[in-house]
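Readers should treat all values here as calculations from the given coordinates under stated rules, not as data from a laboratory. None of these values were measured; they are calculated from a predicted model. Because the Cβ atoms are built from the backbone with ideal geometry, glycine has one as well, and the counts that use them run over all protein chains shown.
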Amino acid sequence: MDRRDFLKRTAAGTSLMAVSGIEARAARQKVKRVETRLPADGYLKEPAREIPVVAGADVVVVGGGPAGFAAAVSAARQGCSVILLERHNHLGGLWTGGLVLPVLNTRGAGPDGSWTKVVHGISDDVCGSLFGMGMCINEMNPMVDPEACKYVLDEMCREAGVQTIFFSTAADVILSGSRIEAVVIECKSGRLAIRCRTVVDCSGDGDVMAWSGVPFKEIKYHIGLLARLGNTDRVDTGAEGFKAQYVGGATPIPGVTMLHMRGEEQQDGLDILNLSRLQQKFRRQIWERVQDIKSKPGYEKVFLLETAPQLGVRVTRALEAVHTVTLEESMTRTEFPDAIGMSGASDPIPYRGGVVKGADRPVWQIPYRALLPRGCDNLLVAGRCFGFEEGLAWDAREIGTCFVTGQAAGTAAAMAASARCAAAEIDVSRLRQELLKQRVTLSV
């Protein structure tokens, strides 16, 4: 298919704006200098150029991780045209490409203290399909097979009518006042523009919100790298000199385990030189660790199946939202009239000078306002970069929470696009009713 056919097919039925209108408004907007975090030896001027508009949709979702996937499918199920942009060759983000295979934070302590599941909706759809295929284990914290998961995510997008564009890195936005007119992408086909009525930033790093000029904060966090080992079911426990050693957690594939790495603390996940250093260091450490495992009696057949294709960057930017959810609110069961979902908890967390055990941590609500930026009318933010304070980062970035914020953001984006209104102007009570129909838990 050539570019003209592509444009005709993807833009059919959309009457968002004329190309000349984009160009005129882009020319009027102020030039924003995006400051690099790397040492700059001066600056060069790039010649002005026209950017071809190759596609358009009611809702454009940037990032195909759990949040972006959920946002895209939810918006498409509302009857909107949806384009999902993903820089890699697969959906799932760090869930699949980062080998962060367990779906955590779906449960927490309910009002009576019992362990309660609060993450349902699209999360249940995906995990249910994988359980049915024998590609998911552990009911409490579902552990998936990454390849089966990629397949299921692709199929659900296809069935919903989402147009997924892989190999495309969102590089900028074109603004008209307080609205995003188009998302600019870089890819092998060149520098291209995607028109939109509403945008959902599920990039993980909050790239779209940063380019849009809305306020956000940066968080340094630990970065690691995960791996999978093979033949872990062929350990010879009867070998002379055998001593048991850890070879990772079980996955749905017999003999394949997941090896977790916390990595280095307080790392800048927006510095590519730092990321490159960590990538090489961690890959070397994993290789040497596996070779050490293999050198022990009985473990000779164990091998390194793969290191994760994606480095484990956990948090970088977080939105300074209309309402930023605090750790205190999560721990005190604060109720919000605009709640769009709930998250659970997983590990112990520092709180009020002590540490609260995972089993004692309550489920908590997420308000719609935590997805709303200040100053950009047609932008919503979901996934690990929505509005939360740093003390809540451990829970806010988990896959279960990403499903919740993504499903709500996609549904809201579809409502805003259909009504041709700002994301902050939709009827939140109707949004909540729709989410209930989608089996989303709003309160316990």
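Does the stretch 139-258 come out rounded, prolate or oblate, given a ≥ b ≥ c as the square roots of the eigenvalues of its C-alpha gyration tensor, rounded meaning a/c under 1.5 and, failing that, prolate meaning a/b above b/c? Each step should come with its number before you reach the end.
Values: a/c = 3.27, a/b = 2.26, b/c = 1.44.
Cα axes put the stretch 139-258 in the prolate bin.
Of Lys45/Lys217; Lys117/Lys437; Lys243/Lys301, which ones are farther than 20 Å apart at the Cα? Provide the component values of the computation, followed by the final result.
Numbers: Lys45/Lys217 29 Å; Lys117/Lys437 17 Å; Lys243/Lys301 15 Å.
In this structure, Lys45/Lys217 exceed 20 Å between Cα atoms.
Between Phe242, Leu226, Val214, whose Cα lies farthest towards the positive end of the dipole of the stretch 189-253 when Lys and Arg beta carbons carry +1 and Asp and Glu beta carbons carry -1, centred on the Cα centre?
The residue sitting most towards the positive pole is Val214.
Determine, for Val444, Val214, the number of other Cβ atoms within 10 Å of each Cβ, and report the residues in order from fewest to most.
The fewest-first ordering by Cβ neighbours comes to Val444, Val214.
Mind listing the long-range amide H neighbours of His222? Cut-off is under 5 Å, sequence gap 5 or more, other chains count too, H placed in the peptide plane at 1.01 Å from N.
The list, which skips near neighbours in sequence, is Gln266, Gln267.
Counting Lys +1, Arg +1, Asp -1, Glu -1, what net charge surrounds His260 among other residues with beta carbon under 13 Å of its beta carbon?
Details: positive: Arg228, Arg262, Arg289, Arg314; negative: Asp347.
Counting the neighbours of His260, the net charge comes to +3.
Among Ile349, Ala193, Val60, whose Cα lies farthest out toward the positive end of the dipole of the chain, if unit charges sit on the beta carbon of Lys, Arg (+1) and Asp, Glu (-1)?
The residue sitting most towards the positive pole is Ala193.
If you average the sequence gap of Cα pairs under 8 Å that are 6 or more apart and divide by the length of the stretch 221-313, what percent do you get for the contact order? Display every interim value, and only then the final one.
On the way: 167 pairs, mean separation 44.6, N = 93.
Normalised by residue count, the contact order of the stretch 221-313 is 48 percent.
Evaluate the relative contact order of the chain (contact order divided by residue number), counting alpha-carbon pairs under 8 angstrom at least 6 apart; express in whole percent. Write down the numbers at each step before the final one.
Working: 1033 pairs, mean separation 95.4, N = 444.
Across the chain, relative contact order equals 21 percent.
For the chain, with a Gaussian network of springs between Cα atoms less than 10 Å apart, report the residue from Ala40, Ala170, Ala308 with the top mean-square fluctuation.
Ala40
Search the structure for amide H atoms under 5 Å from the amide H of Glu306, placed 1.01 Å from N in the peptide plane, and list their residues when 5 or more places away or on another chain.
Arg228
Based on alpha-carbon positions alone, could you give the equivalent ellipsoid semi-axes of the stretch 221-313 from the gyration tensor, as √(5λ), descending, whole Å? Mind dumping the intermediate values first?
Numbers: eigenvalues 166, 32, 20 Å².
The equivalent ellipsoid of the stretch 221-313 has semi-axes of 29, 13, 10 Å.
Take each of the peptides 401-410, 45-54, average the number of other beta-carbon atoms within 10 Å over its residues, and list them starting from the highest.
Numbers: 401-410: 32.8, 45-54: 11.0.
So the order, starting with the most tightly packed, is 401-410, 45-54.
Can you list the HN-Hα couplings for the stretch 167-176, worked out from phi with the Karplus curve (6.51, -1.76, 1.60; θ = phi - 60°), rounded to whole Hz and with x for Gly and Pro?
6, 10, 9, 5, 10, 5, 10, 9, 9, 10
Under a GNM of the chain (C-alpha, springs under 10 Å), which listed residue has the highest mean-square fluctuation: Lys150, Lys217, Lys296?
Lys296
To the nearest 20 debye, what charge dipole does the stretch 221-313 have about its Cα centre, counting +1 at the Cβ of each Lys and Arg and -1 at the Cβ of each Asp and Glu?
Working: 12 positive and 11 negative charges, 28 e Å.
It works out to roughly 140 debye.
Of all DSSP beta bridges located in the chain, what percent are antiparallel, nearest 5?
On the way: 42 of 62 bridges.
Around 70 percent antiparallel, to the nearest 5.
Would you pull out the residues with amide H under 5 Å of Val356's amide H, same chain only if 5 or more places away, H placed 1.01 Å from N?
Correct list: Ile349, Tyr351.
When you have a sec, figure out the Kirkwood radius of the chain from all distinct Cα pair distances and drop it here in Å to one decimal? Working shown, then result.
Details: mean 1/r = 0.0441 Å⁻¹.
Taking every pair of different Cα atoms in the chain, averaging 1/r and inverting gives 22.7 Å.
Please turn the phi angles of the stretch 220-232 into ³J(HN,Hα) values with the Karplus equation 6.51 cos²θ - 1.76 cosθ + 1.60 (θ = phi - 60°), one per residue in order, whole Hz, x for glycine and proline.
Whole-Hz 3J(HN,Hα) from phi for the stretch 220-232: 8, 8, 7, 10, x, 8, 9, 8, 10, 10, x, 6, 6.
So how do 251-257, 201-207, 424-430, 378-384 stack up, highest first, on mean other-Cβ count within 10 Å? Kindly include the intermediate steps, with their values, before the conclusion.
Details: 251-257: 17.9, 201-207: 28.3, 424-430: 14.6, 378-384: 30.4.
Highest-to-lowest ranking by the protection proxy: 378-384, 201-207, 251-257, 424-430.
For the stretch 318-369, compute Rh as the Kirkwood radius over C-alpha pairs and then the Stokes-Einstein diffusion coefficient at 10 °C and 1.306 mPa s; write the answer in µm²/s, rounded to an integer. Write down the numbers at each step before the final one.
Values: Rh = 11.8 Å.
Approximately 135 µm²/s, per Stokes-Einstein.
For the stretch 428-444, take each phi angle, set θ = phi - 60°, evaluate the Karplus expression 6.51 cos²θ - 1.76 cosθ + 1.60, and give the result in whole Hz per residue in order, putting x for glycine and proline.
Ordered by residue, 3J(HN,Hα) equals 5, 5, 5, 4, 5, 5, 5, 5, 4, 4, 8, 6, 7, 8, 9, 7, 10 Hz.
Based on Cβ point charges of +1 for Lys and Arg and -1 for Asp and Glu, what charge dipole magnitude is obtained for the chain about its Cα centre, in debye rounded to the nearest 20? Intermediate values should be presented prior to the final figure.
Numbers: 52 positive and 51 negative charges, 148 e Å.
The dipole magnitude comes to about 720 debye.
Pull out the extension gain between Arg420 and Arg277, defined as 0.36 nm times the separation in residues minus the alpha carbon to alpha carbon distance; nm, one decimal.
46.9 nm is the gain from fully extending Arg420 to Arg277.
Quick one: among Gln365, Gln266, Gln163, which has the greatest mean-square fluctuation in a GNM of the chain with alpha-carbon springs under 10 angstrom?
For the chain, modelled as a Gaussian network with Cα springs under 10 Å, the answer is Gln266.
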